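What follows is a set of notes on a single structure, which appears directly below.
The values are calculated or read from the model by the stated rules, or taken from the named source; none is laboratory data. Only a predicted model underlies this, so the values are computations on that prediction, with no experimental measurement involved. Cβ coordinates were reconstructed from backbone atoms using ideal geometry, including for glycine residues, and neighbour counts include every protein chain displayed.
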Amino acid sequence: MKTKDVARKCMSCDYIIKKPTGFRRCIVCRRKIAKDKKELRISKAISRKLNSKKYQNSLTKKLKNQAWKLMSLYVRTKDADENGMVACYTCGSISHYKEMQAGHFFHGKLDYDIRNLKPQDSACNMYKSGNLAVYGVKLAKELGIEGLDQLRLDANTKGNNYSIQELEAIIEDLKIKLKDYES
């Protein structure tokens, strides 16, 4: 003897299911729940990827490269004349800013600190390893002994560790500064 099929209400929307199928929800609600579960799985996968060390490291590297290109351009152009000519900080030779490099006093540290970066020609920056003796004397005259000590302290404490947010802020700030020099 067969039992009589009894109509049921959907648990989610109270729609009356006339032909019960064993499910407690109507087809519309089941599809919506399946879609929501799929979206949740996708968002969790994206979140895992964005929070992974590998992704964070690659993003940091990409932002550092972008920030360095902008900082180097800013260092070389900020003191350039209207023809784009700028003097080397250490030897005084004058070249177009495109032929100059951004030299560091503290190498590998404070890459985005304008106090640590000056325009240098390739002879001073590469072949004389930054010509640090002359660089240090000029920097001490410019910043003072206290300023140079503060720069050394910053280099030892901060180093070259920048968060993603700091790098993004540096990039935006440099874009604004470079836009001011272009106009």
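Screening LEU63 on (1) out of contact with any helix residue (DSSP H, G or I) (no Cβ under 6 Å at 6 or more places or on another chain); (2) closer than 25 Å to ASP154 by Cβ shows it passes everything except condition (1).
Here's a check for you: in segment 139-183, which residue that is among the acidic types (Asp, Glu) and touching a Leu at 6+ places or on another chain (Cβ under 7 Å) is farthest from LYS62 (Cα to Cα)? That would be ASP154. Taking ALA102, is it among the small types (Gly, Ala, Ser) and surrounded by fewer than 17 Cβ atoms within 10 Å (Cβ to Cβ)? No, not satisfied. Of all the criteria given as (1) in a loop (DSSP other than H, G, I, E, B); (2) within 20 Å of MET126 (Cβ to Cβ); (3) of a type in the set (A, V, I, L, M, F, W, C), the one not satisfied by ALA80 is (2). For segment 71-99, residues that are under 21 Å from LEU143 (Cβ atoms) and either not assigned by TED's automatic domain parsing to the domain that holds ASP154 or not small (Gly, Ala, Ser) (or both) total 11.
Let's see how each residue does on (1) touching a Lys or Arg at 6+ places or on another chain (Cβ under 6 Å); (2) modelled with pLDDT under 90; (3) of a type in the set (Lys, Arg); (4) closer than 14 Å to LYS69 by Cα:
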site	(1), (2), (3), (4)
PHE105	no, no, no, no
ASN116	no, no, no, no
GLY144	no, no, no, no
ILE164	no, yes, no, no
ILE170	no, no, no, yes
LYS179	no, yes, yes, no
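Look at (1) of a type in the set (S, T, N, Q); (2) in contact with a helix residue (DSSP H, G or I) (Cβ under 8 Å, 6 or more places away or on another chain); (3) surrounded by 14 or more Cβ atoms within 10 Å (Cβ to Cβ); (4) assigned to a helix (DSSP H, G or I) and you find that SER72 fails only one, number (2). Quick check: is even one residue across segment 113-120 in a loop (DSSP other than H, G, I, E, B) and surrounded by 13 or more Cβ atoms within 10 Å (Cβ to Cβ)? Yes, segment 113-120 contains a residue that is in a loop (DSSP other than H, G, I, E, B) and surrounded by 13 or more Cβ atoms within 10 Å (Cβ to Cβ).
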